[in-house]
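What follows is calculated from the coordinates using simple rules that are stated; it is not laboratory data. All of these numbers come straight from a predicted model, not from anything done at the bench. Counting neighbours? That spans all protein chains shown, and the Cβs are built from the backbone with ideal geometry, glycine included.
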Amino acid sequence: MNRLEVRNLSTFFDTDEGLIRSVADVSFNIRAGKTTAIVGESGSGKSVTSLTLMRLLPRTASTQVSGQALFVNRTGQTLDLLTLAEPQMRAIRGNEVAMIFQEPMTSLNPVFTIGEQIAESLRLHKGLDHAAAMAQALRMLELVEIPAAAQRVREYPHQLSGGMRQRVMIALAMACDPTLLIADEPTTALDVTIQAQILALMRRLQADTGMSILFITHNLGVVAHHADDVAVMYAGRIVEAAPVNNLFAQPQHPYTQGLLACLPGQQRKLAVQKDGKRRLYAIRGQVSSPLAPPPGCAFEPRCDKAIAACREAMPALRVDDAGGSARCILVPEAA
Amino acid sequence: MPLILRKLFRRRIVLAAAIALAVVALISLFAGPLSGLDPNETAVSQRLSKPSSAHLLGTDELGRDLFARIAFGGRYSLTIALLTAVGSVAAGTLLGLVAGFFRRLDAPVMRVVDAMMSFPDILLAIALVGILGPSMINVVLALVLVYTPRVARVVRASTLVVRELLFVEAARAVGVSTIRILWRHILPNLMSPILVQASFIFAYAILAEAALSFLGVGVPPEIPTWGTMVAGSQQYAHQALWIVLFPGLAIIVTALSLQLLGDGIRDLLDPRLRKSM
């Protein structure tokens with residue numbers, strides 16, 4: 001069963017320089033109880049995708065959204081997140097669909113204790129009174145393995161370290177037992193040991209509650225360990241989507257291949273260069289401006305395998321036999 | 001003593017200001033029983049008498065006890081100033097929050113605020129009282145209108161900063177409504193600039209009320225405020241300096257103390273200025 005089916009999602013920003021298509025024709029599924037990762041570099045549209053799904057795009061920007069995001073809630077109803085009325089959307093946010101952000105240092109309100117902040121979500125969605133909500137907040141802090149939770153629940157965000165705050169953010173997100181957790185680079189701001197702890201915690205919570213996770217990251221190592229399905233985004237489009245093992249074993253799209261070749265670990269397997277030194281691989285060039293996209297494939301200007309036909313039109317996603325798909329005309333189509 | 005107060009009073013001058021204010025407030029609050037005198041009781045035989053044991057600060061041109069009048073006047077002056085501070089902070093905070101948070105309302109609200117700010121304070125207040133007619137409540141209303149734009153400006157600027165902070169988005173992601181975000185998440189983060197503004201407006205309002213009364217467009221002369229006392233007795237100043245001096249001193253001490261206390265609060269709440277303590 002799919003918890004969330006995103007169909008042909010596009011997000012446009014109307015700027016002074018013109019209409020920018022930040023997310024273009026993005027489709028993916030998140031299976032119930034599984035993790036789908038969206039991977040891409042800065043500006044590839046992965047965060048905009050998550051904010052579009054939550055309907056949290058900045059109000060200061062004039063945005064246009066098209067497509068569908070069919071979400072199956074606890075009671076089995078299918079709702080389109082993109083067309084729900086704002087009050088219904090508000091009832092879903094934090095309740096059915098929760099979100100954790102990249103920056104735990106600023107995601108908590110400095111003037112309230114962390115207990116009060118977790119309690120707010122419970123009071124809003126579960127209708128608990130103050131005492132019951134605070135008691136539940138304490139249990140949530142214990143659930144995310146915060147030591148001395150009974151004391152921490154009365155502390156303010158500045159009294160906690162970054163890793164602790166991200167645990168609090170997870171407790172806050174988990175408070176109402178969501179069915180889908182959107183994690184937008186939840187570990188990017190943390191150091192590596194804390195990253196591992198947070199990821200292990202999220203995994204444990206997923207096993208306990210059966211929630212689905214949409215994991216947004218640029219860290220391929222994290223994806224390999226924690227995702228079930230992966231979608232690679234480039235310049236607002238999904239260029240390759242596949243189950244995690246297939247993607248890492250046999251990347252189809254030249255961009256995915258390039259990303260994997262960039263990993264230092266991959267480097268050892270590659271041939272020693274002419275001058276006898278081993279160099280890190282880098283994809284040449286940089287992402288094209290969203291205001292002036294290349295006429296054909298968005299990756300064509302940087303692609304080592306580009307041929308003349310690549311410049312003619314944006315390739316469609318081609319589905320292969322193993323259930324993956326890639327947006328490249330060099331990838332053989334399934335029979 | 002709580003840590004925050006100890007920090008606030010680390011500067012002696014702030015402590016002195018707080019004590020001075022407390023004395024003024026206590027005298028004003030308990031004016032009746034303390035002086036045992038009626039501020040409006042005239043005794044023409046004792047007019048313009050010097051400070052003595054019978055009349056601590058002397059008497060005015062109608063023989064009224066100056067200490068009693070200053071004490072009672074403090075009640076009115078402080079009440080007017082307090083109501084002005086509370087009123088303009090409430091109105092200014094509302095306007096500033098709305099203008100700072102909702103982009104579409106920003107320009108319309110702030111242009112009106114700018115227009116109000118472009119008038120000189122006292123001139124605007126004189127005009128307003130002139131239109132509304134002299135009474136205590138009208139003086140408060142006029143001063144609230146004069147000081148609301150100041151608060152609105154400060155609150156709007158701070159709202160612009162706070163609304164972009166990630167915890168506001170995080171609150172939205174938890175499903176908090178816009179009204180609740182404004183009230184519960186943004187407003188508490190604006191408390192320090194608001195508090196500082198309140199203390200300064202309190203001080204300005206004391207001066208402004210005195211100025212209005214002195215110019216004869218403030219509180220009606222039969223109500224003893226510090227401003228009406230200075231205004232009413234100025235023509236006797238060359239015979240009996242004290243009847244102008246003491247109400248004037250009361251104004252200076254109170255306004256100065258409020259300013260100093262406001263400075264102290266600002267230094268305490270603004271980490272960038274804290275080093276200078």
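Details
- Rounded to the nearest 20 debye, the dipole size of the protein assembly as shown about its Cα centre is 1180 debye, using +1 on the Cβ of Lys and Arg and -1 on the Cβ of Asp and Glu.
- Order of B:261, B:94 under a 10 Å beta carbon neighbour criterion, fewest first: B:94, B:261
- Base-10 log of normalised Debye intensity for segment A:67-120 (one unit scatterer per alpha-carbon) at q = 0.16, 0.18, 0.20, 0.23 Å⁻¹: -0.65, -0.75, -0.84, -0.95
- Between 0 and 90 degrees, the angle of helix B:103-117 with respect to the longest Cα principal axis of chain B falls at about 20 degrees.
- Highest-MSF residue in chain A out of A:84, A:247, A:172 [GNM, Cα springs under 10 Å]: A:84
- Cα coordinate range in segment A:63-192, projected on the principal axes (Å, largest first): 44, 36, 24
- Distance-filtered residues of segment B:135-149 - backbone nitrogen under 19 Å, label point 7 angstrom along residue B:94 Cα→Cβ: B:137-149
- Convex hull volume of segment A:216-268 per residue (C-alpha atoms, cubic angstrom): 80 Å³
- Proximal aspartates and glutamates to residue A:34, defined as alpha-carbon separation beneath 14 angstrom and excluding residues fewer than eight positions away on the same chain: A:5, A:208, A:228, A:229
- Of all DSSP beta bridges in the protein assembly as shown, antiparallel share, percent nearest 5: 65 percent
- In a reduced charge model with +1 at each Lys and Arg Cβ and -1 at each Asp and Glu Cβ, segment A:107-174 shows a dipole moment near 60 debye about its Cα centre.
- In terms of its Cα atoms, the protein assembly as shown spans 119, 58, 52 Å along the principal axes, sorted from long to short.
- Evaluated at q = 0.10, 0.11, 0.13 Å⁻¹, the base-10 log of the normalised Debye intensity for chain A, with identical point scatterers placed on the Cα atoms, takes the values -0.63, -0.76, -1.02.
- Calculated mean residue ellipticity, 222 nm, chain B: -23000 deg cm²/dmol, from DSSP H runs (n ≥ 4) at -39500 (n - 2.57) each, averaged per residue and rounded to 500.
- The charge dipole of segment B:184-277, taken about its Cα centre with unit charges on the Cβ of Lys, Arg, Asp and Glu (plus for the first two, minus for the last two), comes to roughly 440 debye.
- By the beta-carbon count within 10 Å of each Cβ, the least crowded to most crowded order of A:53, B:256, fewest first, is B:256, A:53.
- Spin-label pair residue B:6-residue A:200: with each label point 7 Å from Cα along the Cα-Cβ axis, the two points sit 4.1 nm from one another.
- Most mobile listed residue (B:31, B:107, B:99) in chain B, GNM with C-alpha springs under 10 Å: B:107
- Put in order of Cβ neighbour count within 10 Å, fewest first, the listed residues A:10, A:212 become A:10, A:212.
- Gyration tensor verdict on segment B:1-139 (Cα atoms; rounded if a/c is under 1.5, prolate if a/b is larger than b/c, oblate otherwise): oblate
- Helix B:242-269 vs. chain B, principal-axis angle (Cα, 0 to 90°, nearest 10): 20 degrees
- Shown here for segment A:1-74: GluC sites (Glu not before Pro) in loop regions (DSSP other than H, G, I, E, B) with at most 12 other Cβ atoms within 10 Å, namely A:17.
- Range in chain A, longest, excluding exposed trypsin sites (Lys or Arg not before Pro) [loop by DSSP; at most 16 other beta-carbon atoms within 10 Å]: A:155-267
- Candidate aspartates and glutamates - alpha carbon under 17 Å from residue B:7, same-chain residues fewer than 8 apart omitted: B:263, B:267, B:270
- If you wrap the Cα atoms of segment B:123-253 in a convex hull and average its projected area over all directions, you get 9.8 nm².
- Prolate is the label for segment A:162-204, because the ratio a/c of its alpha-carbon gyration tensor axes (a ≥ b ≥ c) is 1.5 or higher and a/b is greater than b/c.
- In summary, the aspartates and glutamates within cross-link reach of residue B:50, defined as a Cα separation below 12 angstrom excluding same-chain residues under 8 places away, comprise B:60, B:61, B:65.
- Most mobile of B:146, B:168, B:230 in a GNM of chain B (Cα contacts under 10 Å): B:168
- When only alpha carbons of segment A:1-117 are considered, Rg and Dmax amount to 15.4, 45 Å.
- Among beta bridges that DSSP assigns inside chain A, antiparallel share in %, nearest 5: 65 percent
- Orientation-averaged projection of segment A:107-174 equals 3.9 nm² [convex hull of Cα atoms, one quarter of hull surface area].
- Positive-end ranking of B:115, A:258, B:264 along the dipole of the protein assembly as shown, with charges on Cβ about the Cα centre, is headed by A:258.
- Look at the dipole of chain B built from charges on Cβ: of B:139, B:215, B:26, the Cα furthest out on the positive end belongs to B:26.
- Degrees separating the helix B:121-132 axis from the principal Cα axis of chain B, which is the longest one: 70 degrees
- P(r) tail fraction, chain B - alpha-carbon pairs more than 32 Å apart, %: 35 percent
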